[in-house]
Amino acid sequence: MAKVRQILKHVSVEIAKGSRRCRRNRNHAILAGEPCLVIRDDAGPWSRNYCRECALPILKLCAADLRGFRDVLYPERMKQARVVHRETVAPDATAMRQDVERIVGRPMNVTLYLPNKESNSPADVETEQKR
């Protein structure tokens, strides 16, 4: 059987060894030690660097394109995949973190923020003042 071909050879994530500039927004600096998305140009030795903030929309667009290719190639699998059993989500942050860790299969180092219903946000205060 033939080897599976890597189609994203020119895209990678690197840890910056020195400071870099984001290609999408030149005001965004990529400091040494920060991860960044790197897209290499086949025509030469140049590469384009993107900070984490600017890389996310690029990656979302690529993921959507790949899903579209998959949906066209395997429409029968997509019908099966749409029927998914979903468990109820826990209401508090600790249980939510445990749910995420169970789904992902490894500990997550993230902080989940759930707004307190008793505290008034600035939008709530403005709404009450208008009344």
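No value in this document is a laboratory result; all are computed from the given coordinates. Here the structure is a predicted model, which is why all the values come from computation and not from measurement. Because the Cβ atoms are built from the backbone with ideal geometry, glycine has one as well, and the counts that use them run over all protein chains shown.
Just a few scattered comments:
- Full extension of the chain segment joining residue 14 with residue 32 gains 5.4 nm, where the gain is 0.36 nm per residue of separation less the Cα-Cα distance.
- Spin-label pair residue 5/residue 64, simplified geometry with 7 Å Cα→Cβ offset, distance in nm: 2.6
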